[in-house]
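Read the structure below first, then the notes.
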There are 4 protein chains.
Amino acid sequence: MRLRKWVFNLLEPSASGSRASKAIELLLITLIFLNIVAIILESVKEINEVYADFFHEIEYFSVVIFTIEYALRIWTAPENPKFAKFRLKRLQYGISTMSIIDLFSILPYYVSIALNLVPVDLRFIRVIRLFRLIRVLKIARYLKALNLIQAVLRERKEQIVLSVMFIVFLLVMVSTIMYYVEHDAQPEKFSSIPATMWWGIETLTTVGYGDMIPSTTLGRILGGAIAILGIGLFALPAGILSSGLTDHLHGNKKKYKRCPHCGGELHE
Amino acid sequence: MRLRKWVFNLLEPSASGSRASKAIELLLITLIFLNIVAIILESVKEINEVYADFFHEIEYFSVVIFTIEYALRIWTAPENPKFAKFRLKRLQYGISTMSIIDLFSILPYYVSIALNLVPVDLRFIRVIRLFRLIRVLKIARYLKALNLIQAVLRERKEQIVLSVMFIVFLLVMVSTIMYYVEHDAQPEKFSSIPATMWWGIETLTTVGYGDMIPSTTLGRILGGAIAILGIGLFALPAGILSSGLTDHLHGNKKKYKRCPHCGGELHE
Amino acid sequence: MRLRKWVFNLLEPSASGSRASKAIELLLITLIFLNIVAIILESVKEINEVYADFFHEIEYFSVVIFTIEYALRIWTAPENPKFAKFRLKRLQYGISTMSIIDLFSILPYYVSIALNLVPVDLRFIRVIRLFRLIRVLKIARYLKALNLIQAVLRERKEQIVLSVMFIVFLLVMVSTIMYYVEHDAQPEKFSSIPATMWWGIETLTTVGYGDMIPSTTLGRILGGAIAILGIGLFALPAGILSSGLTDHLHGNKKKYKRCPHCGGELHE
Amino acid sequence: MRLRKWVFNLLEPSASGSRASKAIELLLITLIFLNIVAIILESVKEINEVYADFFHEIEYFSVVIFTIEYALRIWTAPENPKFAKFRLKRLQYGISTMSIIDLFSILPYYVSIALNLVPVDLRFIRVIRLFRLIRVLKIARYLKALNLIQAVLRERKEQIVLSVMFIVFLLVMVSTIMYYVEHDAQPEKFSSIPATMWWGIETLTTVGYGDMIPSTTLGRILGGAIAILGIGLFALPAGILSSGLTDHLHGNKKKYKRCPHCGGELHE
């Protein structure tokens, strides 16, 4: 049991401050980054042609390390004080978000090995490779920045849901009207309401690629009015996320306290 | 009269908390959503070709239900405590925004039936179909988010009107100058001041489709200066809407109260 | 002299509340709007071909009225309490902004009549016609919204100048670097540093027309970094204008007052 | 030693208020501006063809003056009270940011002279010419606006690093997903993940040039969702910079002080 405790402290970042645990943390972070870089570079044809073998080796090495990591984390889960109250500590850990991410980081590799025995659909294999992207999320364990986003999303959940509802409502209205206005003039571009929604998103986020542009006078008048008034609504969810993060980064949660003298609330 | 009271409570959301009233509310919301989805999917040619009959059935079913709903709401209007003071309670309800929306949700169907007796202009029929969009607004009765926008618009009415005036003034100035500068170089694109206004809106909202681009040196210098300084003004109405909504979503209306000690105003 | 006093009160908006003065104010505002509409519509070829004579009549009528207005304002200037202290009251009024706008609203017409006697450069005549745009500014006398902008510009002058300096510096740096990076790959588009500045403005204001796009890898990396970090700086002057206006529209100038109890500053 | 003190006061802006020192400051600022203008205009082929000799003379003159300036600043460094505590005052000054900028403003010229003796790679010469851009940074000594940016960057360093990390993470995720979704449909545009990142930056900053546009239905749905939610995150570093600068421009650093009465914090 002492060994399990020792291994747990090695793996859990900031649990113990020992040199060895820091080295292991660094190794794992480096390996995740290496995987991200590999995924990115592998997509560049010229690079993949030359370094394909190297990428396979990284893949092989990563899966070995991540599998050992996963096994050790499951094994040492009972040492985690968070699960002290539970009976099935390993199961409890096994269904936590980070553990599932860990599992799906290695699972696709084993699945693709199993599938290689029989000829299968190439697209299925592609999907399996896409799953490797999940490894990027392993970094969440070490990146405080991502915990921040999670915290903001939880805190402002209600507001974000409400503002997304606004946006969907606005987008449906705007796209339907624009479809009826522009369809006759540009039947190929404004071919249907879902197609017109692409115009709506492009315009209301002010991205404006320019692949769909209203051409009729009425369409331009409506499009202009929509842009001027709708941009603010479309900026809401992004703004909520952004202001939530800024609040966290500043460390102020804007709590107010009543003044015992006047009863007015004061900044704290 | 007891029946009328009972029916009123069934229809009015959150008036009674009974199971039946909630079921009816859910049924109506589902039907509105079904209509929205139908309007959207009907516009996709491939889908419409296959499911045209199905959409007609939805249409038929919706009109029946919405007609019954409209009739019952008019019938039960005298039960509404809001109209307790009025004599012509049904008329009073009949001219309310929601009632008119309800009426126009079904009227086009009856009009199009009446018009089918005699051959009419196809474009007129199209306009009638467009009216079905009004059904989307029926959701406003159940969607708090839309009441919010209404509240914000009423609260900041003055500011929005003023900032829209700014924008119109700025747009006229900017487009007129740009027209005189660019017309000779690109007579087909910058063909008139109203046409140049499309460029103005595109640029000042930063959408920038790229269908109209100043090409002369003077036009680019002016266009650049206009973009840098004008963008802030064009963002005003959207910003007012957006900040108004954020205030409501946060639940703080920024009231200030005077401190009895110092006379300074405090947050409440 | 009583007549002059009476005429002054008629012309000066909100000076007297008489019916006649309000009628004159309304007439002048209507005439200015008519001129704006005329300038806009005149630019549309199809409309101008049909209504050219009508536009000439509006022009003729406007010049007559505006000339009378100008003459009367100069004549009644000594009645203005603002100039009570000055000796040359009419001159003092004559060099005020609004008076100069009034003068330049009519001058081009007289100049163009004078020039018609001798054949002149057509472009010069065009410039004279462009001067008619100044009439749009006559509306400033009646539009509180414009006084607001003026007030904001005066208040935040220093900030706006500073932030425009930032922008110019940033634009020069960014465009010079981008020119050296992209010139070889796209010598026709990124032909010189001033030409590259157009790209800089387009990108940093996020308008992004798409007529100039970096194509080299280095150009895209730099362009991306520039966009991510520079957008905030380019939004500064617009943001200052916008926040200044919002402050005015809210009516709060964010003055702080010291609390006699604790010495801390309080909102007032 | 009196001469050295006198020269130091002449060169150091705002050290002494004498006429001569102000004249020298003005001369140096003018020369820097002249260099900036020369760099910009030299890139315009038509202008360079005519004024090439003139630009060479400016270059020659600037290098002479800047070399004298650099030598004098090194010579007078021991007079600077900032280095009073150090032993190797000249070295201490020589490795300061401004001194290095001064050095690199003249060095390329001498290097290019040295290289002219032997035929070298033309691209290398180009890089040397690019170094002249560093002269633009010499203006930092006189421009308070740039000190401001520096101060903001130092103050908000942590936040900017964190938000840039967000962005990089978001960009990697978004681009990888989009690459897998769009690669088959547009193998030439979405050719690799790094190439898709250009789309990601373009879209998330809302620049939207329109050279890379998702064409598949899934790509558009994902692209739209990414745009709506991601824009806020991408605006973070720019927003932090911008708000930091606005705070400085307003002169308020948002310090809070505790109220001795109620313990609540108050604005100061």
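The values are calculated or read from the model by the stated rules, or taken from the named source; none is laboratory data. Computed from a predicted structure; not experimentally measured. FYI the Cβ positions are ideal-geometry reconstructions off the backbone, even for glycines, and counts take in every protein chain you see. Ligands, DNA and RNA are stripped out before the accessible areas are found, and what is left, the full protein with its side chains, is counted by its heavy atoms. Shrake-Rupley method; radii C 1.70, N 1.55, O 1.52, S 1.80 Å.
Of the listed residues A:89, D:85, C:82, D:138, the order by accessible area with a 1.4 Å probe, largest first, is D:85, C:82, A:89, D:138.
Take the Kirkwood radius over Cα pairs of the protein assembly as shown, plug it into Stokes-Einstein at 37 °C and 0.692 mPa s, and you get 95 µm²/s for translational diffusion. With its label point defined 7 Å out from Cα along the Cα-to-Cβ axis, residue B:2 lies at 8.3, 8.3, 11.7 nm from the matching points of the other copies, in increasing order. For the segment A:223-230, counting C-beta atoms of other chains within 10 Å of every residue's C-beta and taking the mean gives 6.
Bridging of residue B:189 to aspartates and glutamates at a Cα separation below 12 Å is possible for B:211, once same-chain residues fewer than 8 apart are set aside. Averaged over the residues of peptide D:38-44, the number of Cβ atoms from other protein chains lying within 10 Å of each residue's Cβ is 5. Considering all different alpha carbon pairs of the stretch D:2-142, the Kirkwood hydrodynamic radius works out to 16.5 Å.
Across identical copies of the chain, residue B:158 has label-point separations of 3.0, 3.0, 4.3 nm, listed in ascending order, with the point defined 7 angstrom from Cα along Cα→Cβ.
Taking all Cα pairs closer than 8 Å and separated by 6 or more residues, the relative contact order of chain D comes to 13 percent.
Measure nothing fancy, just the Cα-based angle from helix B:19-42's long axis to the longest principal axis of chain B, in degrees from 0 to 90, nearest 10. For helix B:19-42, the angle is close to 50 degrees. Karplus-derived 3J(HN,Hα) values for the stretch A:213-218, using 6.51 cos²θ - 1.76 cosθ + 1.60 with θ = phi - 60°, are 10, x, 10, 7, 4, 4 Hz; glycine and proline are entered as x.
The stretch C:23-101 and the stretch B:155-199 have Cα centres lying 22 Å from one another.
Across peptide D:175-182, the average count of Cβ atoms from other chains found within 10 Å of a residue's Cβ is 3.
Residue A:56 label point (Cα plus 7 Å toward Cβ) to equivalent points in the other copies: 6.1, 6.1, 8.6 nm, shortest first. Cross-link pairs exceeding 28 Å between alpha carbons, from the set A:82/A:138; B:157/C:138; B:22/B:157; B:45/C:45; A:5/D:157: B:22/B:157; B:45/C:45; A:5/D:157. Each peptide in C:213-224, B:202-213, A:169-180 receives the mean, over its residues, of other Cβ atoms within 10 Å, and ordering these scores from highest gives B:202-213, A:169-180, C:213-224. If you sort the three axes of the alpha carbon gyration tensor as a ≥ b ≥ c, you get a/c of 1.5 or more for chain B and a/b no higher than b/c, which makes it oblate. Which far-off residues, 5 or more places away or on another chain, put their amide H under 5 Å from the one on residue D:189, with H placed in the peptide plane? Those qualifying (amide H under 5 Å, at least 5 residues apart or on another chain) number zero.
For chain A, the 222 nm mean residue ellipticity estimated from helices alone, with every DSSP H stretch of n ≥ 4 adding -39500 (n - 2.57) and the total spread over all residues, rounds to -24000 deg cm²/dmol.
When each of the peptides B:93-106, B:225-238 is scored by how many other beta carbons lie within 10 Å of its residues on average, the order from highest to lowest is B:225-238, B:93-106.
Taking the Cα atoms only, what angle lies between the long axis of helix A:157-182 and the longest principal axis of chain A, rounded to 10 degrees? Roughly 40 degrees, rounded to the nearest 10. If R0 is 41 Å, the Cβ-Cβ spacing of residue B:184 and residue B:53 corresponds to a FRET efficiency of close to 0.10. List the accessible area buried at the contact between B and A, summed over both sides and calculated with a 1.4 Å probe, in Å² to the nearest 100. The B and A chains share an interface burying roughly 3900 Å². The long axis of helix C:193-204 is offset from the longest Cα principal axis of chain C by roughly 80 degrees. Using every pair of distinct Cα positions in the stretch A:157-249, the Kirkwood expression returns a hydrodynamic radius of 13.8 angstrom. Dipole of the stretch C:2-142 computed with +1 at Lys/Arg Cβ and -1 at Asp/Glu Cβ about the Cα centre; of C:37, C:64, C:48, farthest Cα towards the positive end is C:64.
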